Amino acid sequence: MRFAFLPRVRLLIALSTLPAIGLAGQGTDSFIPKKAYPGARSRPAAKPPSTQATHRARAPQGTNIVLNGGFETNGGVGTNVFTDWTVENLFGGTGDWLVQTGVASPLNGFPVDPPPEGTFAAMTDQGGPGTHVIHQVLAVPAAGVILTCQVYVNNQAGVYFNPGSLDFNVGPNQHTRIDVMDPAAPIDDVGAGVLLNVFITNPGDPVVIPYTVVTADLTPFGGTNVRLRVAEVDNQLFMNVGVDDCSTADVPVELMGFSVE
């Protein structure tokens, strides 16, 4: 699904040096939320997305162009420091992408699925509305590769809203997406700068999605640089989005020899 870019001015700032408590609107005036979310709702049972690609046997593919795709090299649980990744948050919101381990969300301690690979995952957590992006530029080899990631969602709002913007100030807005982007495009672009949408939540999708493998064929971008972006926006209620095991080194065996559209 594609959306026309809304020509609004948005300011995104990198927050890799700020403590996680400040990003929750408790440590810096810049991140005091316009409204705080009430207490957490009970967690519904996990359901697969309508376009589920479940855990599968995997076969070697070649060079891994994703650096630290398992998020194992980081600044410690609860920080927003991930080696080789850049974290950005829309100014005026709360929350962040944080280092997560175990079965609790990194800020609020909500029940979540554990990282599917290794010890750590990157996960969003918040105390109120916000927009959160984690991204990395990939150098795609001329022959192309297939990208795989695992993504998890726990949306306590019970419904998704997708107004075609990553700005949490725009209407009801509660969704997450993974994109392959033009590195020159604005980091919050959802229009022409998106070369390939890999994953997106839409109204009617399950509000809890267990860690699920998503794939993207990067062959059309062979010999160029692209940006892998994972974005989450919430202004309804808490939403934990986890990402882990991003790699081009192996691929589900049934996808070998096939393009992933």
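The values are calculated or read from the model by the stated rules, or taken from the named source; none is laboratory data. Computed from a predicted structure; not experimentally measured. For neighbour counting, all protein chains shown are included, and Cβ atoms are generated from backbone atoms with ideal geometry for every residue, glycine included.
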Which one of these does Val251 not meet: (1) at pLDDT 95 or above; (2) of a type outside the set (Ser, Thr, Tyr); (3) part of a strand (DSSP E or B)? (1)
Kindly indicate whether Tyr160 is farther than 19 Å from Asn64 by Cα, among the aromatic types (Phe, Trp, Tyr) and either surrounded by fewer than 21 Cβ atoms within 10 Å (Cβ to Cβ) or in contact with a Phe, Trp or Tyr (Cβ under 6 Å, 6 or more places away or on another chain) (or both). no
I'm trying to understand the selection: among the residues of the stretch 172-225, which are of a type in the set (D, E, K, R), within 19 Å of Gly69 (Cα to Cα) and under 15 Å from the mean Cα position of the chain (by Cα)? Arg177, Asp179
For the stretch 177-197, state whether one or more residues are at pLDDT 95 or above, of a type in the set (S, T, N, Q) and out of contact with any strand residue (DSSP E or B) (no Cβ under 6 Å at 6 or more places or on another chain). no
What about Gln150, is it closer than 12 Å to Val241 by Cβ and touching a strand residue (DSSP E or B) at 6+ places or on another chain (Cβ under 8 Å)? yes
Checked Gly27, Gly93 against criteria (among the small types (Gly, Ala, Ser), part of a loop (DSSP other than H, G, I, E, B), over 30 Å from Gly222 (Cα atoms) and modelled with pLDDT of 85 or more); the one match is Gly93
Looking at (1) on the phi < 0 side of the Ramachandran plot; (2) touching a residue at least 40 places away in the same chain (Cβ under 8 Å); (3) not acidic (Asp, Glu), which one does Pro163 not meet, given that it meets all the others? (2)
Unmet criterion (only one of (1) part of a loop (DSSP other than H, G, I, E, B); (2) within 23 Å of Ile200 (Cα to Cα); (3) modelled with pLDDT of 95 or more; (4) not aromatic (Phe, Trp, Tyr)) for Glu72: (2)
Test each condition in (1) part of a loop (DSSP other than H, G, I, E, B); (2) buried (at least 24 other Cβ atoms within 10 Å of the Cβ); (3) among the small types (Gly, Ala, Ser) for Ala143 and report the one that comes out false. (2)
Just to verify a result, which residue in the stretch 102-113, among those that are more than 16 Å from the chain's Cα centre (by Cα) and part of a loop (DSSP other than H, G, I, E, B), is farthest from Met239 (Cα to Cα)? Gly102
